[in-house]
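Heads up, the thing below is written out as C-alpha cells.
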Amino acid sequence: MSDKQLKMIVESLVEAEMNTLPTVTVYFDMDGVLADFDTGVLTGNPRAGKAREVYMKMLVNFPQFQHVTDDQIRATLKGPQIDPGLKALKKAYNNFRELKFMETNKEGFFLNLPPMAGAGEMLAQAAEMTGRKPSILTAPVDNNTERCKAEKEQWMQKNFPGMYDKFICTQDKELYANADSILIDDRTKYTMKFEGNGGIAILHKNPTDSMQKLEQILKSRGLPV
C-alpha cells in the first residue's frame, strides 16, 4: 500500500470519527459576560454610581444576600416589605435600578460599552473546544428593542468580528434550548428558563469558571477537548 493510499485511509477515518461526534452549539450572553454593562452605566451616569454605592453599603448588613445573584435579590425584595431594614434596602435597590436603566435609554449606550476582561478569549476557547464558532444570544432592553438590538449587533461586529456565528437578540432565550445547546449567561432569569426548556446553562461568574464548566460539560458528552 502506497503512502498516498494510507494517507487517504487515515483521513477518511478521521473524518468519519468527527462526523460521529456530537454537535454542540454554545450561546454567549452579552451584558455582563462579553460587554461591561455595569462600567458603562457607572461611568456614564455619576448619579447611578452614587446610588449603587449607597445600595452596596446597605447590602453589607444582610448576610443572606452576600452570595446570591441580583435576580435573586430582586425576587426576594419583590412586594411589600414589613421589615424596616429590607424596606430601606428595597428603596435603595430600586433607586439604583431606575437610574441604571435611564442610562440605557441614551443613544449609543450599548454600542460604546467596553468589552469584559477575557471576553475574546472565551469566544476563542469555545470555538476551539467545540470545533465551531459560538453564537450570541442576548436580550434587548424593554424600552427600545430595535435600537438596542442594532447597537448590540454593531458592538459584536466592532469588537469581535469573525469570532461568532449567529447573532440573536430576544427575551425568549429558552426557545433556543435543546439537549445540544449550552447558554453562558450571568442572569438566573435566563439560565433557569433555558434549563427548564431542555438546554444546558452555565451561570457566568468569571471567564475561568465558565470555561472550566464548559470543558467539563463537553468532556461528559464525549467531545475531545
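Annotations for the structure displayed:
- Pairs where the first residue, in segment 92-105, is on the phi > 0 side of the Ramachandran plot and the second is part of a helix (DSSP H, G or I) and open to solvent by 70 Å² or more (accessible area, probe 1.4 Å), C-beta under 7 Å, 6+ apart: none
- Scanning segment 42-70 for residues that are among the aliphatic types (A, V, I, L, M) and either free of Cβ contacts under 8 Å to residues at least 24 places away in the same chain or exposed (fewer than 11 other Cβ atoms within 10 Å of the Cβ) (or both) returns Leu42, Met56, Val60, Val68.
Okay, residues lined up against (1) out of contact with any Phe, Trp or Tyr (no Cβ under 8 Å at 6 or more places or on another chain); (2) within 30 Å of Arg132 (Cβ to Cβ):
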{"site": "Val26", "(1), (2)": "yes, yes"}
{"site": "Val41", "(1), (2)": "yes, no"}
{"site": "Gly44", "(1), (2)": "no, no"}
{"site": "Ala48", "(1), (2)": "no, no"}
{"site": "Glu53", "(1), (2)": "yes, no"}
{"site": "Leu59", "(1), (2)": "no, no"}
{"site": "Gln64", "(1), (2)": "yes, no"}
{"site": "Thr69", "(1), (2)": "yes, yes"}
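- Top-ranked residue of segment 172-225 - restricted to ones that are of a type in the set (D, E, K, R) and within 10 Å of the chain's Cα centre (by Cα), ranked as nearest to Arg74 (Cα to Cα): Arg187
- Within segment 75-104, the set of residues being surrounded by fewer than 16 Cβ atoms within 10 Å (Cβ to Cβ) and modelled with pLDDT under 85 comprises Glu98, Phe101, Met102.
The values are calculated or read from the model by the stated rules, or taken from the named source; none is laboratory data. Keep in mind the model is a prediction, meaning the values are calculated, not measured. Don't worry about glycine lacking a Cβ; one is built from the backbone with ideal geometry, like all the others, and counts go over all protein chains shown. The area values use the complete protein model at the heavy-atom level, side chains included, leaving out ligands, DNA and RNA. Shrake-Rupley method; radii C 1.70, N 1.55, O 1.52, S 1.80 Å.
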